[in-house]
Amino acid sequence: MESFIIEGGRQLNGTITPQGAKNEALQVICATLLTSDAVRISNIPDILDVNNLIMLLTDIGVKVTKNSRHDYTFKADELNLEYLDSYEFVRKCASLRGSVLMIGPLLGRYGKATVAKPGGDKIGRRRLDTHFLGFKKLGARLIYNEERDVYQIGTSRLKGNYMLLDEASVTGTANIIMAAVMAKGVTTIYNAACEPYIQQLCHLLNAMGANISGIGSNLVTIVGVDGLHGAEHRLLPDMIEVGSFIGMAAMVGTGVRIKDVSLKDLGLIPDAFRRLGVKVKAEGDDLFIPYQKHYVVESFIDGTIMTLADAPWPGLTPDLLSVLLVVATQARGSVLIHQKMFESRLFFVDKLIDMRAQIILCDPHRAVVVGQDHRIKLRAGRMTSPDIRAGIALLIAAMSASGVSRIENIAQIDRGYEDIEGRLNKLGAKIRRVDD
């Protein structure tokens, strides 16, 4: 198992460019299953979750051409449909959460799919009910195979329908849209997720011949078509990586420029850091985070304590609360972090408390951070990464700590961040990868 050895206290300076968006990559790569024509996708991040999904598509018969490190062409013209129901395929799907996004395209094109409980981050229950309820609204039948612990979904042909989603699930919305693009008739999805990555998926599908309107809103209308064709698509930069770099620059930067961030697609992310007192300057499509000796947490207009809480888009993404929490430990002032969506995502704060962070974990969803304004610096420690976002938050904490830290289970970080140590070392960090 690989680990990071981090020498804390090193200052970052220079320019860094974010990778392509992980969550968008998982969606649009699965969308290539909807056509037998070639689909070319660029700016794909070279990360574990995406690479494993590409390998899984190769296993089922998708022809994958690697044009360059971040540029692939996918052609799903000869799939092995028998393999899709095999124990081996189900086992591989169970270890990769991104595989859940294959269900909609397979159901939409072939009328059947086998679903295992997917893997991924250990951040609490991540239910699939929204996906299943949407498929049922389209006319699919669900049968639970208790012996194999899988769901088998089938239909003669999906039919468009109106549905009100029980939650604005991003993967649920993506799956239902991909299932519905070739359904007979009109599908209307209300309370749809409308993140930029969902918008990007819809734009790709329309380029492939789909008929989707309402893109960017929570009311999406899909007029079914008979078939889709090839297209080309480029991924947005990863907003979570952009936010992670803002956090690093705030804590240990002496002037860091984040290039080509697609500012219009960042939503509330820059403002969330500004509420912690971090200066975030927009310069064209770049962000510049200058050196600050102190950053002071704002209070609400009535003088009450600042609260940062996640919410469906255009609210603040839950994936950055871990980073914001770490940044708050060295701010001047206090802040309440309220993680609403996942019940286990804040449990990594015990590791920060061991590093001398002043944090009160109120319950599985809320933590109060008492910022120390560098009076009590974090100290180095040995820790384990429980999930992608906690892993990058711990890395930021270790970079700002006094001494040498060790983070184990960094495969979790590799799932979402491409060559993170190499890119940060170019800015002045000192991070070494070791294999135990």
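Add +1 for every Lys or Arg and -1 for every Asp or Glu among the other residues with Cβ under 12 Å from the Cβ of residue 209, and state the total. Net of charged neighbours comes to -2. Of all DSSP beta bridges confined to region 22-234, the antiparallel ones make up roughly 80%.
The GNM of the chain, with springs linking C-alpha atoms under 10 angstrom apart, assigns the highest mean-square fluctuation among 108, 284, 255 to 284.
Relative contact order of region 280-386, taken over Cα pairs closer than 8 Å and 6 or more residues apart, is 24 percent. Were the residues from residue 234 through residue 69 laid out at 0.36 nm apart, the gain over their Cα-Cα distance would be 58.0 nm.
Measuring between alpha carbons in the structure, the pairs from 281/426; 184/259; 75/426 lying more than 32 angstrom apart are 184/259; 75/426. Dividing the mean sequence gap of close Cα pairs (under 8 Å, 6+ apart) by how many residues the chain holds gives a relative contact order of 21 percent. Comparing 320, 56, 378, which has the greatest mean-square fluctuation in the GNM of the chain with Cα pairs linked when under 10 Å apart? With Cα springs under 10 Å in the chain, the top fluctuation among 320, 56, 378 is at 56. Once the C-beta distance of residue 164 and residue 110 is scaled by a Förster radius of 30 Å, the resulting FRET efficiency is 0.65 to the nearest 0.05. With coordinates expressed along the principal axes, the C-alpha atoms belonging to region 298-436 extend over 50, 34, 27 Å, beginning with the largest.
Taken over the alpha carbons of region 22-234 as equal point scatterers, the Debye sum produces base-10 log I(q)/I(0) values at 0.15 Å⁻¹ of -0.90. Among 420, 240, 392, the residue with the largest mean-square fluctuation in a Gaussian network model of the chain, with springs joining Cα atoms closer than 10 Å, is 420. With both labels modelled 7 Å from their Cα along Cα-to-Cβ, the residue 152 to residue 223 distance reads 3.7 nm.
Annotation: amide H-H contacts under 5 Å for residue 169 (H modelled 1.01 Å from N, sequence separation of 5 or more, or interchain): 193. The Cβ shell under 12 Å around residue 354 holds other residues with a net charge of +3, Lys and Arg each +1, Asp and Glu each -1. With a Förster radius of 45 Å applied to the C-beta separation of residue 274 and residue 382, the computed FRET efficiency comes to 0.85. Using +1 at the C-beta of Lys and Arg and -1 at the C-beta of Asp and Glu, which of 287, 229, 199 has the Cα lying farthest in the positive direction of the dipole of the chain? Positive-end residue among those listed: 287.
Each distinct pair of alpha carbons in the chain adds a 1/r term; the inverse of their mean, the Kirkwood radius, is 22.4 Å.
No lab work stands behind these numbers, since they all come straight from the coordinates. Just so you know, these numbers come straight off a predicted model, no measurement behind them. Note: ideal-geometry Cβ built from the backbone for every residue, glycine included; neighbour counts use all protein chains shown.
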